[in-house]
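The values are calculated or read from the model by the stated rules, or taken from the named source; none is laboratory data. Computed from a predicted model, the values in this text were never measured in an experiment. Note that each Cβ is placed from the backbone with ideal geometry, even for glycine, and that neighbours are counted across all protein chains shown. In case anyone asks, the SASA skips ligands and DNA or RNA and just uses the protein heavy atoms, side chains included. Shrake-Rupley method; radii C 1.70, N 1.55, O 1.52, S 1.80 Å.
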Amino acid sequence: MDKDALHPELKFQSLTADNWNQFEELMGERGGCGGCWCMSPRLSSKEFSENKYSGNKKLMQDLVNANSPTGLIATYKNEPVGWIALAPREDYSRIERSRALKRIDGKPVWSITCFFVKKEFRKMGLSQLLIKGAIDYAKKNRIKTLEAYPTIPYSDKVPAAFLWFGVLSAFTNNGFKVVQQNSKSRAMVRLDVQPLP
């Protein structure tokens, strides 16, 4: 199956208490990648290690139950197939403290920090569709600027675990522009979103 076949059936929903079970199903027993449950950008290294697996799951569920923005789930024929983390930048304490990813201005931005795609749906262009879903969400919710920190792959065979920030081309293909690049392998990109009329 390719992206064009996948796209018409794909639906995007904010993660809420009502669809938490789909998030659990998608992330599986390991919580996505190594017990993360998408909490890594929100915690210090120490906090993350102390909460790995069940602790991180509880922290994410607490955020969801408090109606805090966490991200979008993609479903294909009601099956959860992908995830994109999306929230105000200040919610991601590790990014806020990062020297490499420090703020370039005082503009309020929402950050895209993570992707997770079900194994059977990888290499189909789903990351680009998840970004498009995030852009549509931003338009509907009057979010003015999206920011992300994608990887610039060093080869065609970069392990999936290194690509959880997404790859640069998936963002530039959706109109994002590089605003800062501190290393050969990581860029900061932004998109100024035009709200729906």
| query | When the residues of the stretch 112-146 are filtered to those that are crowded, with 22+ Cβ neighbours inside 10 Å and among the hydroxyl-bearing types (Ser, Thr, Tyr), which remaining residue is modelled with the highest pLDDT? | reply | Thr113
| How many of the residues making up the stretch 180-195 are of a type in the set (Lys, Arg) and open to solvent by 60 Å² or more (accessible area, probe 1.4 Å)? | 2
| request: Give the residue that is most open to solvent (accessible area, probe 1.4 Å), with candidates limited to residues of the stretch 24-57 that are in contact with a strand residue (DSSP E or B) (Cβ under 6 Å, 6 or more places away or on another chain) and outside any loop (DSSP other than H, G, I, E, B). | output: Glu25
| said: Restricting to the stretch 72-111, name every residue that is within 30 Å of Pro8 (Cα to Cα), surrounded by 14 or more Cβ atoms within 10 Å (Cβ to Cβ) and not hydrophobic (A, V, I, L, M, F, W, C). | reply: Thr75, Tyr76, Glu79, Pro80, Gly82, Ser111
| Pick from the stretch 58-71, criterion crowded, with 21+ Cβ neighbours inside 10 Å and not hydrophobic (A, V, I, L, M, F, W, C), ranking: farthest from the chain's Cα centre (by Cα) | Thr70
